[in-house]
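Below: one structure, written as structure tokens.
The values are calculated or read from the model by the stated rules, or taken from the named source; none is laboratory data. Because the structure is predicted, anything quoted here is derived from the model rather than measured. Here the Cβ positions follow ideal geometry from the backbone for every residue, glycine too, while neighbour counts run over all protein chains shown.
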Amino acid sequence: MTSDTITAAASGSWTLGDLKINRIGFGTMRLPQTGEALIADAVPRDREQAIGVLRRAVELGVNHIDTAAFYFSPLRSANELINRALAPYPDGLVITTKVGPGRDPSGHWLPHATPEQLRAQVEENLRQLGRDHLDVVNLRIVGTDSIAERFGALAELREAGLIRHLGLSNIHPHHLAEAQGIAPVVCVQNQYGIGMRPEHDAFVRSCGEQGVAFVPFYAIAGTGRTAGAGAAAGTGGAEPDEVLAVAREHAASPAQVRLAWTLHRGPHVLAIPGTGNPDHLEANVAAGSLRLSREQLAALDTLHGLTATEPAE
């Protein structure tokens, strides 16, 4: 599948609150380093290469960039790279960030932030990005406990004008209902993809019914996370036959097929694939134009663990 002249607009659009974005976005977790993401001894990526990838993403029509202050390597910060590459920010560019967890300067994870610490994290994102407000802030969760106090703290910052819209990350379905009782939620960012969390299919649909964007992470890698989809299947990096067959039919890569399947889950489903490789960036953006047939969806749905195929959007 060629990526020539294909832009992110081919993926269609969605509106986060009042912010219209293309459904193919860009995730910056891998940008500060090479190799496995978010490890204490990550190898910093070449700075100019990272800046070039960000600028090329915007040239290709990407107007939704996902980041976090805790995306950094010993020498690189995703927020600093975004600021350097894209400021002054073009009109229509939406930057989504996350708060909740943190990492110390050595890269080791810290306990969940208190409500007071959440304000400091929001202010740190503002400083690093060079913004006077944040477009979307996701509260990232670990566990099943109540999020009312923490989400309430972010809702107060939204009322104060520091945050435009609120979202949630790594949540259970009951967290969405709890948060919506406090303030509007525009997006949910959870791990999801072919063969990954089929038990959450109903939740994905429910988000769409409520007008909430669903933003999968690790949509390409699956349960293999940073190690890749093949690693999850225990196949030494080999893709399942179902994915390979669809890829051959479209002259596409397996990664493009996985992204396309994700987007077919509903018009509210977005994608934020991340890479530091310019060629992979263009291929990811081009995946937004890939239209899967009902038969192809049926084969991939079987792999995913579904019993029936829903109509493609």
Failed item, numbered, when residue 113 is tested on (1) of a type in the set (Gly, Ala, Ser); (2) assigned to a helix (DSSP H, G or I); (3) over 27 Å from residue 10 (Cβ atoms): (2)
Restricting the range 69-110 to residues that are closer than 15 Å to residue 135 by Cβ and in contact (Cβ under 8 Å) with a residue 60 or more places away in the chain, the residue that is surrounded by the most Cβ atoms within 10 Å (Cβ to Cβ): 96
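In the range 126-218, which strands (runs of 3 or more DSSP E) lie fully inside it and hold 2 or more residues that are under 30 Å from residue 298 (Cβ atoms) and in contact (Cβ under 8 Å) with a residue 24 or more places away in the chain?
Numbers: elements: 134-140, 163-169, 187-189.
In the range 126-218, 187-189 are the strands (runs of 3 or more DSSP E) which contain 2 or more residues that are under 30 Å from residue 298 (Cβ atoms) and in contact (Cβ under 8 Å) with a residue 24 or more places away in the chain.
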Residue list for the range 145-160, filter: within 13 Å of residue 112 (Cα to Cα) and either in contact with a Pro (Cβ under 8 Å, 6 or more places away or on another chain) or β-branched (Val, Ile, Thr) (or both): 147, 149, 150
Spans of helices (runs of 4 or more DSSP H) in the range 228-313 with at least 2 residues within 30 Å of residue 82 (Cα to Cα) and at pLDDT 95 or above: 254-263, 278-286
Evaluation of residue 219 against (1) under 30 Å from residue 241 (Cβ atoms); (2) at pLDDT below 95; (3) out of contact with any Pro (no Cβ under 9 Å at 6 or more places or on another chain) (one fails), failing number: (3)
